[in-house]
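We did not get these values from a lab; they are worked out from the coordinates using the rules stated. Computed from a predicted model, the values in this text were never measured in an experiment. Backbone-built Cβ (ideal geometry, glycine too); neighbour counts: all protein chains shown.
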Amino acid sequence: MFGWLRRIRENARSQSREWMIRCTTCGHERSVADAGGVRFGAWGKKYTVGRCSQCGKLRRLVIHHPSRGPL
Ligand SMILES: [Zn+2]
């Protein structure tokens, strides 16, 4: 009965592994899942602000998908 709901959730989970965030300052990239994908649940946004592990400071981060391009 809830198979469709489970499919949507599994789909969202696998997609969150593919999404990447890139620091606009140094270009450092990591996967959204590594960055704590839960916080990036609102997929309407192209940019977010977060701590870059390479800069060690709050940076503007761009969310993109390697095979689909920017949001
Ligand atoms: Zn950086």
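The protection proxy used here, the mean number of other Cβ atoms lying within 10 Å of each residue, ranks peptides 47-53, 58-64 as follows, highest first: 58-64, 47-53.
Distances between placed amide hydrogens fall under 5 Å for ARG51 paired with ARG59, all partners being 5 or more residues away or on another chain.
Among residues other than HIS28 with Cβ under 14 Å from its Cβ, the summed charge is +4 (Lys and Arg +1, Asp and Glu -1).
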